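Read through the structure below, which is laid out as structure tokens, and then see the notes.
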Amino acid sequence: MRIENAGQLEQYRRECQARLDKQTRRLLVCCGPGCLANGSQAVSDAFKKVLRNRKIKGFKVEALKETGCHGFCEQGPLVVIEPEGIFYTRVKPAHAEKILEETIAKNKVIDKLLFRDHNNGQPITCYRDIPFYSRQQRIALRNIGQINQCDIDEYIATGGYSGMAKALTQMTPKQVIDEVTASGLRGRGGGGFPAGRKWKTAASAEDTPHYVICNGDEGDPGAFMDRAIMEGDPHSVIEGMIIAAYAVGAHEGYIYVREEYPLAVVNLQKAIEQATEYGLLGENIIGTDFTLELNISRGGGAFVCGESSALMRSVAGEVGEPRAKYVRSVLKGLYDKPTVLNNVESYACVPAIIDKGGKWFASIGTKKSTGTKAFSLVGKVRNTGLIEVPMGTTLREIIYDIGGGIQNDRPFKAVQTGGPSGGCLPEAKLDLPVDFDTLTEAGSMMGSGGMIVLDDQTCVVDLAKYFLAFLVDESCGKCVPCREGLHQLYGMAVAVSEGRATEETLEKMERLSEVVAVGSLCGLGKSGPNPFLSTVKYFRDEYLAHINDKKCPAGVCRELIRFEVIEDKCDGCMACVAACASNAITGQKKEPHVIDQELCNKCGACRTVCRRDAILVL
Amino acid sequence: MKQRLYVKPELCTGCRTCELACSFTNTVDGKPRRSRIYPLPAGYPDMYVPVVCLHCDDPACAKSCLVDAITRNEETGGMELDQDKCVRCMACIAACPFGCALLDTQYDQVVKCDLCGGDPVCARFCPTKALECRPAVLTTRKKLAGSSS
Amino acid sequence: MISMTINGKVVKAEKGEMLLKVTRREGIDIPALCHHDAVEPFGGCRLCMVEITKADWDGWKNYVTACLYPAEDGLIIQTHSAKVNELRKGVLDLLAARCPNSPEIRELAAEYGVPQTTLEEVPDADNCIMCGLCTRVCERLGFKAISTVGRGHSKQVAPPLNEAPPDCVGCISCAQVCPTNVIPYKDINGKRTIWEKQFELIACKECGKHTITTDFADALCERRAIPRDYFDVCDDCRRKELSLKMGSIVAWSREGTS
């Protein structure tokens, strides 16, 4: 089927909506990365198996949907029953039959599977009432978790491609750019560069052809926003790219997906095929004379390829190393031609902006950072998962209201934002409104939206060491400050964590950080020292404790700690004896155990398994 | 105006003034061994030929240079070597059929005549005018054919 | 033509010309290890960093590599400000830690106040600073015999599979451009060895002097349509040949006129 004009698209949308409306009950099984890892595919298969064998009244197989990431990964696998919004957590394949028979057929809610409030233990039936969801506002993630992962009909039914149709048939490219400029949309990949301004520069560039590229090389540890969008709602990315391409006069585009996201590639490919078949992509889109060809380009698994100039070289088939760019890529990008490169989330916001207007988008968030931002909330927070909140929401709201506070009610220590290039913010900064500028001012950055929460059992030296090790591993090695500087920084961080450092080491690290930050060629190196700089800024005492007292206050750095059994507390349950991989713990049943310091490799497994908190870290 | 260095061996006395002039102009220490022009015995008593780059119309040196460091200066017509571009692969030295691209062993550099930017000192100092730099007169094959008929 | 101010002096330059070219023309000594005019500017060693600003930048300064920053009208450039020297010193400290035995690096580092690296020396270090000039020149020459492998700190220059590179013709340009002279090659008895590959050197038909490798000559003949016999005789003998030929012509014409 080919849609020949905007009217036909509206007509088809009504058909799709009618079809969806017929499904009075919809059963949504989350097949996002988190839930899949927890076995949601088996859950979905179990539903299908039951439905093959048996008829459930008022329910058709089509109404069983495998959706993208619903967000609340902590509680997965998730199953949602719409329209009521009944929210089942930690569903196992064995529950499938019961859910169909009780909830779908008889409208009976299964108490056992409901989410329970952390504070009072009360079950909450509808996910919309759970603070994790009620405090969110979803624009980029609007469809994810609501519709079948790659069903173009459902995407159209929820208003998909209407923004594109509006742009292509009712607006000039200039009007599109004006609308995006008015929305105040800033690049979601981390840079925060105003998208409207970028598009305007590209559109007015004389050199031809122009290109559009979508940066789906999400490499930050712990970040999966773009993955969720590419897997769960690929059409929104494609639609955003069509609008961008129309605005800047590009007829060829690339979606650069990182190697580690095979499902995103499959779903995007499927979506491109569907859209092309419907005439929403390819030649003469919905009967207009606008043409756009989209290709998927797969990354090779290098973190630095998320850097725009490296990405463009990688797309062009060269080694993915950054180029120094005193000529901006928007003018000289892919194949040295004008190129608009935006991140997945930025593109996903565009259809909504065109559909509802730039003013609407600008009314959300703060003055300088408009709209919403998706974050992957991970670490020692209770409700880990994928969230989207208006810009300007405070860190406290995100961590305590949406995130439900720190696991096991431990004290909050810091939150790490912006991935390896970002930084740590301490408790004093919890009331900071999250937007591009305030985070940068505080010494961290927005980045692509990773948010790692740390409790008092996380050592900041260890954290800096981890991120530096990551960056050393991912540095492309082109320029000296990044290649050699980060390597040296890492070595010194190890020295601190092993108690071999002096205060002079710390000063040396700070001096070297300056050279790396100013001297490096690309963003990876320039922001490389951030994990160290921000931790030493806010947690200097902890560094000094490692250096002067040879102690790790958080009890993490192995060289500086030892584990001991508190005799009074130990009831001799043998759990730690069984857990110890190096056989360092001895003792009889019902008698206090003893740790042999010679054999102990300080892994902390004993502390984890001890139910009586009888293991002490010194 | 394109220049050409005209060599008249019949006037050359082998006094080697050209060699000195060249080395003093083009090198720091003025060692004659590092000159770009060599008056060599021509095989007959008292006859010498100042051998110097001919700035060929189809130069093998430029053809053999894979980094395009040897290019023609359109103003002077001389083939010039860009020292900063040269990677010292020695291809031009091996390729020149007249042996006029040279290796300066002291600085491990490839050197060749560049017409001194249009006013070659060797010609200026030649006491017998065996070397003369004049605007090039193009003698095409057609003209040759016309004159012989 | 545009005009800029370099270290307080007004300098004219072509628009778009790289700053390093301008400063070198002006005789200003800016260290640059990864730069060579035969290849595109790279920006890897970061030593040619200079401080730039403009009158209307409100005092804001940027630090850019001169090798690939294009000249712009009104730029105010400091090539040796305190901050620039500090950055260079930092980079040289890093290089001195990586290549503690390289005389070239030691000399340059000492010049910028780093007689000895303050950082931890890389164990078993060689003198390669990983500027990649060798691989870029090889690519520019069209052979692509060697390349960089790996990334980050363990990045290396190597022939494919660490074996004698099949595409190498033994032109030794890589060794010639290396800023720290770390690529070894040997010319012994008419044989050249580089990258553990052996080549035959052409021996002059007249005097036996060795010139370039046969492989290189073959490649040049094939790619640039140069007759192969051009390479048979060395430059010394060619000059002699030319003088004798011209001599005989002169002698012949004398005979004809007399």
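The values are calculated or read from the model by the stated rules, or taken from the named source; none is laboratory data. Everything numeric in this text was worked out from a predicted model, so none of it was measured. Here the Cβ is made from the backbone with ideal geometry for all residues, glycine too, and neighbour counts use every protein chain on show. Accessible surface is based on the protein model in full, side chains and every heavy atom, while ligands, DNA and RNA are left aside. Shrake-Rupley method; radii C 1.70, N 1.55, O 1.52, S 1.80 Å.
For this structure, a couple of remarks:
- Meets criteria (acidic (D, E) and outside any helix (DSSP H, G or I)) for A:E507: no
- Where C:T180 falls short, out of the listed (1) away from chain B (no Cβ under 11 Å); (2) among the β-branched types (V, I, T); (3) open to solvent by 20 Å² or more (accessible area, probe 1.4 Å): (3)
- Residue in region A:522-529 that is among the hydrophobic types (A, V, I, L, M, F, W, C) and at pLDDT 90 or above present: no
- All positions within region A:484-503 that are facing chain C (nearest Cβ under 7 Å) and without any contact (Cβ under 8 Å) to a residue 40 or more places away in the chain: A:E484, A:H487, A:Q488, A:G491
For (1) closer than 17 Å to A:T89 by Cα; (2) open to solvent by less than 30 Å² (accessible area, probe 1.4 Å); (3) assigned to a helix (DSSP H, G or I); (4) in contact with a helix residue (DSSP H, G or I) (Cβ under 8 Å, 6 or more places away or on another chain), each residue gets a yes or a no:
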{"site": "A:M1", "(1), (2), (3), (4)": "no, no, no, yes"}
{"site": "A:L9", "(1), (2), (3), (4)": "no, yes, yes, yes"}
{"site": "A:A18", "(1), (2), (3), (4)": "no, no, yes, no"}
{"site": "A:V50", "(1), (2), (3), (4)": "no, yes, yes, yes"}
{"site": "A:F59", "(1), (2), (3), (4)": "no, yes, no, yes"}
{"site": "A:E66", "(1), (2), (3), (4)": "yes, no, no, yes"}
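Conditions (1) more than 19 Å from the chain's Cα centre (by Cα); (2) assigned to a helix (DSSP H, G or I); (3) within 30 Å of C:T53 (Cα to Cα); (4) more than 8 Å from chain A (Cβ to nearest Cβ), marked per residue:
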position	(1), (2), (3), (4)
C:L94	yes, yes, yes, no
C:N101	yes, no, no, yes
C:E107	no, yes, no, yes
C:C131	no, no, yes, yes
C:F143	no, no, no, yes
C:Q176	no, yes, no, yes
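- Region B:22-35, residues that are polar (S, T, N, Q) and either facing chain C (nearest Cβ under 9 Å) or open to solvent by less than 10 Å² (accessible area, probe 1.4 Å) (or both): B:S23, B:S35
- For the criterion of being outside any helix (DSSP H, G or I), more than 20 Å from A:E239 (Cβ to Cβ) and either open to solvent by 10 Å² or more (accessible area, probe 1.4 Å) or polar (S, T, N, Q) (or both), A:V378 passes.
- Failed item, numbered, when C:E206 is tested on (1) facing chain B (nearest Cβ under 10 Å); (2) touching a residue at least 24 places away in the same chain (Cβ under 8 Å); (3) surrounded by fewer than 19 Cβ atoms within 10 Å (Cβ to Cβ): (1)
- Hey, A:Q23 polar (S, T, N, Q) and surrounded by fewer than 22 Cβ atoms within 10 Å (Cβ to Cβ) or not: yes
The rows are residues; the columns are (1) of a type in the set (F, W, Y); (2) within 26 Å of A:P173 (Cα to Cα); (3) touching a residue at least 24 places away in the same chain (Cβ under 8 Å); (4) more than 14 Å from chain C (Cβ to nearest Cβ).
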residue	(1), (2), (3), (4)
A:I272	no, yes, yes, yes
A:E283	no, yes, no, yes
A:R298	no, no, yes, yes
A:G301	no, no, yes, no
A:E321	no, no, yes, no
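- Residues that are surrounded by 16 or more Cβ atoms within 10 Å (Cβ to Cβ), away from every other protein chain (no Cβ under 11 Å) and under 22 Å from C:K240 (Cα atoms), drawn from region B:105-117: B:V111, B:C113, B:D114, B:L115
- Contact annotation: residue pairs with Cβ atoms under 7 Å, 6 or more positions apart or on different chains, pairing a residue in region B:36-64 that is facing another protein chain (nearest Cβ under 7 Å) and under 24 Å from C:L220 (Cβ atoms) with a partner that is crowded, with 20+ Cβ neighbours inside 10 Å and of a type in the set (S, T, N, Q), are B:V51/C:S243.
- Residue match in region C:237-256 (condition: more than 7 Å from every other protein chain (Cβ to nearest Cβ) and surrounded by 18 or more Cβ atoms within 10 Å (Cβ to Cβ)): no
- Selection within region A:56-98: residues that are β-branched (V, I, T) and in contact (Cβ under 8 Å) with a residue 24 or more places away in the chain. The member of this set that is farthest from A:A228 (Cα to Cα) is A:I56.
- Total residues in region B:68-94 satisfying the condition of being under 16 Å from C:G170 (Cα atoms) and either in a loop (DSSP other than H, G, I, E, B) or at the interface with chain C (Cβ under 7 Å from one of its Cβ atoms) (or both): the figure is 7.
- Comparison of A:K537, A:K569 shows that the only residue that is surrounded by fewer than 20 Cβ atoms within 10 Å (Cβ to Cβ), basic (K, R) and under 30 Å from the mean Cα position of the chain (by Cα) is A:K537.
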